[in-house]
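S.K.: The following block contains the structure, expressed as structure tokens.
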Amino acid sequence: MSSSATSRRALLLASAAGAAAVLAGACTAPATTRPTARQPSAPPAPTTAGTATAPSCVLAVRAGTGPYYLDVDLVRSDITQGRDGVPLQLDLTVVRVPDGCRPLAAARIEVWHADAAGDYSTGKDTYLRGTQTTDRTGRCVFHTIVPGWYAGLAPHIHFTVRPDPHTHTTSQFFFPEDLLTKIYTHPPYNHRTPPQHPNTRDSRYRTAATTMTLPLTPHHNGYHATYTIGIT
């Protein structure tokens, strides 16, 4: 969080049921043609075994932006930009907790993460990065892929929420490990030998898993996650 917002606390409300009341409408960003990401030749069969049950109202575990953050300001819903992988639809909603979880419109949400090979876009590349502005219901949707692993860290998606130009909250989402181990046995992830335990080798995951693991459900030939980000 920025120095001007040190006293402000961020909450994450990760209950899909609680989010249902505010998940309506579309993002305010202009609609764009979404290219269809090339799919793995043998995608994992949808299953509920790899889902996580998210807590209903907990403090966000803050995290730094990491070395791969770029302020590219790409306003778009589909951030795949041709990268192969298992599709992931990420529904995010921002609410004001002190105001009775009032949906917060016009909040900017940035996401960025590695591709299936564990690589981030750098320089002139912009894949798997994007920004959305929440609509009147506080909601935005990102279309991406499940990230690969790298450097001994648990696979993750970075995100930053900016409710105003002077305040931001940065954290990251993780994934259920049993689901990752299934996904990583299929192309394009299996071009490398995956770790046996992609999550638990990471101390950050062990600290934040209860709060920050995405609740995933099968969605078409990929997965869907709904998360409500509450701020003060």
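S.K.: Does any residue of region 125-137 turn out to be touching a strand residue (DSSP E or B) at 6+ places or on another chain (Cβ under 7 Å), open to solvent by less than 60 Å² (accessible area, probe 1.4 Å) and at pLDDT below 90?
M.R.: There is no residue in region 125-137 that is touching a strand residue (DSSP E or B) at 6+ places or on another chain (Cβ under 7 Å), open to solvent by less than 60 Å² (accessible area, probe 1.4 Å) and at pLDDT below 90.
S.K.: How many residues does region 161-220 contain that are of a type in the set (S, T, N, Q) and assigned to a helix (DSSP H, G or I)?
M.R.: Filtering region 161-220 down to residues of a type in the set (S, T, N, Q) leaves 167, 169-172, 181, 185, 190, 193, 196, 199-200, 203, 207, 210-211, 213, 217.
Checking the rest, the ones that are also assigned to a helix (DSSP H, G or I) come to 181, 190, 203, 207, 210-211.
Here the count works out to 6.
S.K.: Now a separate question. Name the residues in region 109-124 that are out of contact with any strand residue (DSSP E or B) (no Cβ under 9 Å at 6 or more places or on another chain) and among the β-branched types (Val, Ile, Thr), would you? Walk me through it before giving the result.
M.R.: Going through region 109-124, the residues out of contact with any strand residue (DSSP E or B) (no Cβ under 9 Å at 6 or more places or on another chain) turn out to be 122-124.
Across region 109-124, the qualifying residue is only THR122.
S.K.: Here is a follow-up. Among the residues of region 101-108, is there at least one that is closer than 18 Å to GLY64 by Cα and touching a strand residue (DSSP E or B) at 6+ places or on another chain (Cβ under 8 Å)? Can you show your working first?
M.R.: Step one: filter region 101-108 for residues closer than 18 Å to GLY64 by Cα, giving 108.
From the residues that got through so far, the ones that are touching a strand residue (DSSP E or B) at 6+ places or on another chain (Cβ under 8 Å) too are 108.
Yes; the residues of region 101-108 include at least one that is closer than 18 Å to GLY64 by Cα and touching a strand residue (DSSP E or B) at 6+ places or on another chain (Cβ under 8 Å).
S.K.: On to the next question. Could you tell me how many of the residues in region 146-159 are in a strand (DSSP E or B) and either surrounded by fewer than 20 Cβ atoms within 10 Å (Cβ to Cβ) or acidic (Asp, Glu) (or both)? Before you say what the answer is, go through the steps one by one.
M.R.: Initial filter on region 146-159 (in a strand (DSSP E or B)): 150, 153, 157-159.
Okay, now just the ones that are also either surrounded by fewer than 20 Cβ atoms within 10 Å (Cβ to Cβ) or acidic (Asp, Glu) (or both), so 150, 153.
The total comes to 2.
S.K.: Now a separate question. Please determine, by comparing only the residues of region 88-115 that are within 12 Å of the chain's Cα centre (by Cα) and open to solvent by 10 Å² or more (accessible area, probe 1.4 Å), which one is nearest to THR226 (Cα to Cα). Steps first, answer last, please.
M.R.: Of all residues in region 88-115, those within 12 Å of the chain's Cα centre (by Cα) come to 88-93, 109-114.
Narrowing the set further to residues that are open to solvent by 10 Å² or more (accessible area, probe 1.4 Å) leaves 89, 110.
Values: GLN89: 8, GLU110: 16 Å.
Checked region 88-115; the qualifying residue nearest to THR226 (Cα to Cα) is GLN89.
S.K.: A further question follows. Looking at region 67-85, which of its residues are out of contact with any His (no Cβ under 9 Å at 6 or more places or on another chain), open to solvent by 40 Å² or more (accessible area, probe 1.4 Å) and either among the hydroxyl-bearing types (Ser, Thr, Tyr) or touching a residue at least 60 places away in the same chain (Cβ under 8 Å) (or both)?
M.R.: Residues satisfying the conditions are ARG83, ASP84.
S.K.: In region 175-206, which residues are under 15 Å from GLY152 (Cβ atoms), polar (S, T, N, Q) and either surrounded by fewer than 17 Cβ atoms within 10 Å (Cβ to Cβ) or free of Cβ contacts under 8 Å to residues at least 12 places away in the same chain (or both)?
M.R.: Within region 175-206, THR193, GLN196, THR200, SER203 qualify.
S.K.: Out of all the residues in region 88-107, which are of a type outside the set (A, V, I, L, M) and over 29 Å from LEU180 (Cβ atoms)?
M.R.: Here is the first cut: in region 88-107, the residues of a type outside the set (A, V, I, L, M) are 89, 91, 93, 96, 98-103.
Answer for region 88-107, where residues must be of a type outside the set (A, V, I, L, M) and over 29 Å from LEU180 (Cβ atoms): ARG96, PRO98, ASP99, GLY100, CYS101, ARG102, PRO103.
S.K.: Something else now. For TYR223, state whether it is assigned to a strand (DSSP E or B) and closer than 16 Å to HIS156 by Cβ.
M.R.: Values: assigned to a strand (DSSP E or B): yes; closer than 16 Å to HIS156 by Cβ: yes.
So TYR223 fits the description; yes.
S.K.: Would you please list the contacts, defined by Cβ atoms under 6 Å and residues six or more apart or on different chains, that run from a residue in region 86-103 that is farther than 22 Å from PHE142 by Cα to a residue that is surrounded by fewer than 17 Cβ atoms within 10 Å (Cβ to Cβ) and not basic (Lys, Arg)?
M.R.: VAL97/THR232; PRO98/THR232
S.K.: Now, a different point. Which numbered condition in (1) open to solvent by less than 10 Å² (accessible area, probe 1.4 Å); (2) without any contact (Cβ under 8 Å) to a residue 60 or more places away in the chain is the only one that GLY222 fails?
M.R.: So GLY222 meets the others, but not (2).
The values are calculated or read from the model by the stated rules, or taken from the named source; none is laboratory data. What you are looking at is a predicted structure, and each value in this text was computed from that prediction instead of being measured. Glycine also receives a Cβ, built like all others from the backbone with ideal geometry; neighbour counts cover every protein chain displayed. Side chains included, ligands, DNA and RNA excluded: accessible areas come from the protein's heavy atoms. Shrake-Rupley method; radii C 1.70, N 1.55, O 1.52, S 1.80 Å.
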